[in-house]
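Structure record follows, encoded as structure tokens.
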Amino acid sequence: MRPIRLPEPPSPTIGVPEIFEGGAYSVIRRAVIIGNGYPGSENQSIGLVRALGLYDKHVLYRVTRPRGGINEWLLWLPVSLHQKLDYLIQLIQIYSRGRNYVPLPLENGGGSVGLASVLEADVKQIVTMARQTFEKDGPLLVVASGRDTISVASSIRRLASENVFVIQIQHPRSQLNRFDLVITPRHDFYPLTPQAQEQVPQFLHRWITPREPPDRHVILTLGALHQIDSATLRSTAAAWHDEFAPLPKPLLVVNIGWPTSHCRYGADLAKQLTAYLLNILSSCGTVRISFSSRTPEKVSKIIVKEFADNPKVYIWDGQEPNPHMGHLAWADAFVVTADSVSLISEACSTGKPVYVMGPERCKWKLSDFHKSLRERGVVRPFTGSEDIGESWSYPPLNDMAEAASQVREALAERGWRVRP
């Protein structure tokens with residue numbers, strides 16, 4: 001990975017004891033996470049905060065979009081504009097139905113439930129907190145992930161640059177200097193490669209992002225960040241021991257995501273996956289299948305219909321507790337659909353065999369991601385001819401540890417450090 005080279009920190013004040021070099025308040029002891037409500041994004045931020053040793057000192061805020069009805073067609077709008085438009089629509093509906101006017105909350109989560117209604121990301125509140133507590137508690141680390149968090153995170157840095165260190169996970173598409181650091185997978189820069197340029201007509205090049213190569217603000221990873229490391233796997237294995245230890249081996253875990261713009265599929269992939277699983281079932285002791293909350297029903301129905309009554313196969317019903325962490329700790333091998341960078345990255349952090357279903361259906365930057373994984377030897381295509389009892393291994397992906405190390409370097413160049 002490219003080393004980060006940020007400006008040198010100012011020289012320590014003359015007469016200040018050496019222990020306080022870089023400023024008396026140079027130790028980062030707390031963090032704020034700006035999430036968007038999606039586990040795949042928020043887990044990346046939580047994982048980084050954990051790797052930096054601040055897991056027990058973080059607060060989660062969320063940027064929430066209005067949901068339901070016409071709002072599902074407005075997700076392309078900037079989140080602040082979407083919230084204001086939803087507020088206006090609600091007012092129109094109230095007046096059109098002849099109801100008495102009732103003030104509607106424009107901020108702090110609206111009518112949302114859960115954490116979003118309590119900890120809606122409020123730029124002014126977070127900036128005020130960072131400034132007022134700086135002398136007592138030191139700088140504030142702000143970690144955000146996902147498109148909807150970009151404007152909030154960049155505003156916090158603009159208004160409190162002396163009191164915060166802002167990290168944006170996933171590429172913000174433009175103006176990287178709005179953040180202290182950006183952490184993003186290499187394949188986000190695929191549009192700049194000669195192969196990608198050949199796929200896009202010349203007149204469209206100006207509309208494709210990113211337009212500039214990674215600069216000093218960027219830390220590149222192979223996959224997505226997450227919370228999985230060897231210590232987590234050990235503790236998780238102990239926590240799930242009673243459920244997984246008695247299962248016949250080898251244990252194959254199948255994780256099924258959802259079609260995306262860069263990896264489209266439907267019932268055809270479900271039928272192919274079902275056929276492949278039937279072919280290799282004899283080499284498995286146990287098969288456990290999990291669907292994402294966004295897996296299309298037409299996909300899940302086909303698989304459930306085929307395996308619901310098979311004694312070797314367990315299909316998670318979506319109810320808590322979620323066995324995902326137990327699966328990562330106890331599985332002997334994985335089959336993962338090609339659409340999910342997060343699910344694949346987590347599986348590849350275990351060092352166990354990972355078979356990818358449907359990589360040939362992926363295009364653009366997601367195709368480049370799968371190419372990089374194959375070249376590194378951490379995944380193989382799922383063909384239905386595998387013997388799950390025959391294991392193979394590779395050095396586990398360790399993007400999180402490498403990213404955390406580079407974050408510490410960037411903080412040090414500013415004269416700050418994370419609490420020991």
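Descriptive notes on the structure:
- Rounded, prolate or oblate (a/c below 1.5 giving rounded, otherwise prolate when a/b exceeds b/c) for the range 230-396 by Cα gyration tensor: rounded
- Ordering of 394-405, 230-241 by packing [mean C-beta count within 10 Å, highest first]: 394-405, 230-241
- Annotation: lysines with alpha-carbon distance below 26 angstrom to residue 371 (same-chain offsets under eight excluded): 271, 352, 363.
- Alpha-carbon centroid distance for the pair the range 331-388 / the range 229-285, whole angstrom: 12 Å
- Averaged per residue, the range 267-409 has 44 square angstrom of accessible surface, using a 1.4 angstrom probe with ligands and nucleic acids left out.
- For peptides 123-131, 204-212, sequence by mean Cβ density within 10 Å, most packed first: 123-131, 204-212
- Accessible area in the full protein assembly, largest first, 1.4 Å probe, for 312, 365, 271: 271, 312, 365
- Of all lysines in the structure, those lying under 20 Å Cα to Cα from residue 124, and not within fewer than 8 positions of it along the same chain, are 84, 136.
- Sum of side-chain charges, residue 283 neighbourhood, beta-carbon under 13 Å (Lys, Arg +1; Asp, Glu -1): -2
- Packing rank of 161-167, 354-360, where each peptide gets the mean count of other beta carbons within 10 Å, highest leading: 354-360, 161-167
- Charge tally in the Cβ shell below 13 Å around residue 209, where Lys, Arg are +1 and Asp, Glu are -1, residue 209 excluded: +3
- Charges were assigned to the Cβ only: +1 to each Lys and Arg, -1 to each Asp and Glu. The resulting dipole of the range 230-396 about its Cα centre is roughly 480 debye.
The values are calculated or read from the model by the stated rules, or taken from the named source; none is laboratory data. Keep in mind the model is a prediction, meaning the values are calculated, not measured. Positions of Cβ are backbone-derived with ideal geometry, glycine not excepted, and every protein chain shown enters the neighbour counts. Just so you know, the surface numbers come from the protein's heavy atoms only, side chains and all, with ligands and any DNA or RNA stripped out. Shrake-Rupley method; radii C 1.70, N 1.55, O 1.52, S 1.80 Å.
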